[in-house]
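See below for the structure under consideration.
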Amino acid sequence: MIDNINTNIGPEICQDPQNDNILFFNNDDEFTEFSIDPTLVAKCIERKNGDKIWYYDFNFSKLYTDAVAQGKKFTIKDPNSRIMKNGDIGYKLVTKPVENLEEYIG
């Protein structure tokens with residue numbers, strides 16, 4: 001999981017010239033920079049008995065959510081990518097599934 005994400009510069013995103021529907025990332029760090037809004041949000045769940053459970057969550061970035069809405073696919077070139085292997089992404093102590101992952105063949 002990545003603790004510090006530089007939001008000032010985005011990763012260089014490469015598109016397949018034969019299929020502009022796929023975005024390529026070199027490694028998990030690049031994809032994490034692209035896909036996660038690094039601001040943690042405190043959320044609360046109230047149980048039926050009135051107890052409240054507070055927890056932290058993150059949101060996906062606008063770049064990521066817009067790309068998903070457009071039907072874009074994501075691939076990470078690193079053969080040791082944890083994101084590609086597990087299908088999820090982690091930030092701090094929170095893990096969420098990633099949509100539209102495509103196996104890299106190259």
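The values are calculated or read from the model by the stated rules, or taken from the named source; none is laboratory data. This is a predicted model, so every value here is computed, not measured. Please note: Cβ atoms are built from the backbone with ideal geometry, for glycine as well, and neighbour counts cover all protein chains shown.
A few notes on this one:
- Segment 63-106 - residue that is without any contact (Cβ under 8 Å) to a residue 12 or more places away in the chain and charged (D, E, K, R) and, of those, farthest from V41 (Cα to Cα): K85
- Verdict on F34 being crowded, with 16+ Cβ neighbours inside 10 Å, free of Cβ contacts under 8 Å to residues at least 40 places away in the same chain and assigned to a strand (DSSP E or B): no
- If the condition is being hydroxyl-bearing (S, T, Y), more than 10 Å from the chain's Cα centre (by Cα) and surrounded by fewer than 17 Cβ atoms within 10 Å (Cβ to Cβ), then segment 76-106 contributes only Y104.
- Residue match in segment 9-19 (condition: at pLDDT 95 or above and assigned to a strand (DSSP E or B)): no
- Restricting segment 53-75 to residues that are of a type in the set (S, T, Y) and within 12 Å of the chain's Cα centre (by Cα), the residue that is surrounded by the fewest Cβ atoms within 10 Å (Cβ to Cβ): T65
- Annotation: Y104 fulfils all but one of (1) of a type outside the set (D, E); (2) in contact with a strand residue (DSSP E or B) (Cβ under 7 Å, 6 or more places away or on another chain); (3) in a helix (DSSP H, G or I); the unmet one is (3).
- Any hit, segment 38-60, residues being out of contact with any Leu (no Cβ under 7 Å at 6 or more places or on another chain) and assigned to a helix (DSSP H, G or I): no
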